[in-house]
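Take a look at the structure set out below.
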Amino acid sequence: ALAQDDDEGDGSARLENVTIVKVTYISFKPGKRTRAMEIINDYFVPAGDAAGTAGPMTAIHFDTGKWDMVLLWELEGGFDDLMWYISPDDLKWFAALSEIAGGEEEAGAIWGEYISYVGSAHSEVAHLHNPDDGDE
């Protein structure tokens, strides 16, 4: 919820008790959704598990409309997580993918195959209001 206290005396209010998320919408090329999901399930999820990196908070699969899937990724470091081109977790995840795939070249090929199935993708940053823990 929005903070109601005005500690600075200037009328400003800061977001409090929220989770910052990246919301990624993905549309696959016609006929490629099934194979893209196989890659996610067979390679990407196991790589995240092996690397100890967080997967999406939730995945929603659409049956109608422009998008095939929307993923919500928690930005554990808040807005600061947006400052990375390649994060330490990205490196850990790719190293785990390389182990699963049999090497960096093979992991790159799997990533390239997956990306070739993406028709369009769009990300936005949002926040979720966390449930009140009753401490107020």
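Brief remarks follow.
- Scanning the stretch 36-56 for residues that are in contact with a strand residue (DSSP E or B) (Cβ under 6 Å, 6 or more places away or on another chain) and assigned to a helix (DSSP H, G or I) gives a single hit, Ala36.
- Residue within the stretch 57-67 that is closer than 17 Å to Ile115 by Cα, outside any helix (DSSP H, G or I) and out of contact with any Lys or Arg (no Cβ under 8 Å at 6 or more places or on another chain) present: yes
- For the stretch 27-46, the set of residues classified as in contact (Cβ under 8 Å) with a residue 60 or more places away in the chain and open to solvent by less than 70 Å² (accessible area, probe 1.4 Å) consists of Ser27, Phe28, Ala36, Ile39, Ile40, Tyr43, Phe44, listed by residue number.
- Of the residues making up the stretch 102-126, those that are under 18 Å from Asp68 (Cβ atoms) and of a type in the set (Asp, Glu) are Glu113, Glu124.
- Selection of the stretch 92-104 for residues being small (Gly, Ala, Ser), in a helix (DSSP H, G or I) and either more than 22 Å from Ile26 (Cβ to Cβ) or open to solvent by 60 Å² or more (accessible area, probe 1.4 Å) (or both) yields Ala95, Ser98.
Yes or no, residue by residue, for (1) in contact with a His (Cβ under 7 Å, 6 or more places away or on another chain); (2) among the polar types (S, T, N, Q):
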site	(1), (2)
Gly9	no, no
Ile20	yes, no
Pro30	no, no
Asp49	no, no
Thr58	no, yes
Lys66	no, no
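- Test result for Thr24, of a type in the set (Val, Ile, Thr) and open to solvent by less than 70 Å² (accessible area, probe 1.4 Å): yes
To keep it simple, each residue is scored yes or no on (1) open to solvent by 60 Å² or more (accessible area, probe 1.4 Å); (2) not in a helix (DSSP H, G or I).
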{"site": "Leu71", "(1), (2)": "no, yes"}
{"site": "Leu82", "(1), (2)": "yes, no"}
{"site": "Tyr85", "(1), (2)": "yes, yes"}
{"site": "Asp90", "(1), (2)": "yes, no"}
{"site": "Glu106", "(1), (2)": "yes, no"}
{"site": "Ser120", "(1), (2)": "no, yes"}
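The values are calculated or read from the model by the stated rules, or taken from the named source; none is laboratory data. A quick note: this is a predicted structure, and the numbers were derived from the prediction, not measured. Please note: Cβ atoms are built from the backbone with ideal geometry, for glycine as well, and neighbour counts cover all protein chains shown. All accessible areas refer to the heavy atoms of the entire protein, side chains included, with ligands and DNA or RNA removed. Shrake-Rupley method; radii C 1.70, N 1.55, O 1.52, S 1.80 Å.
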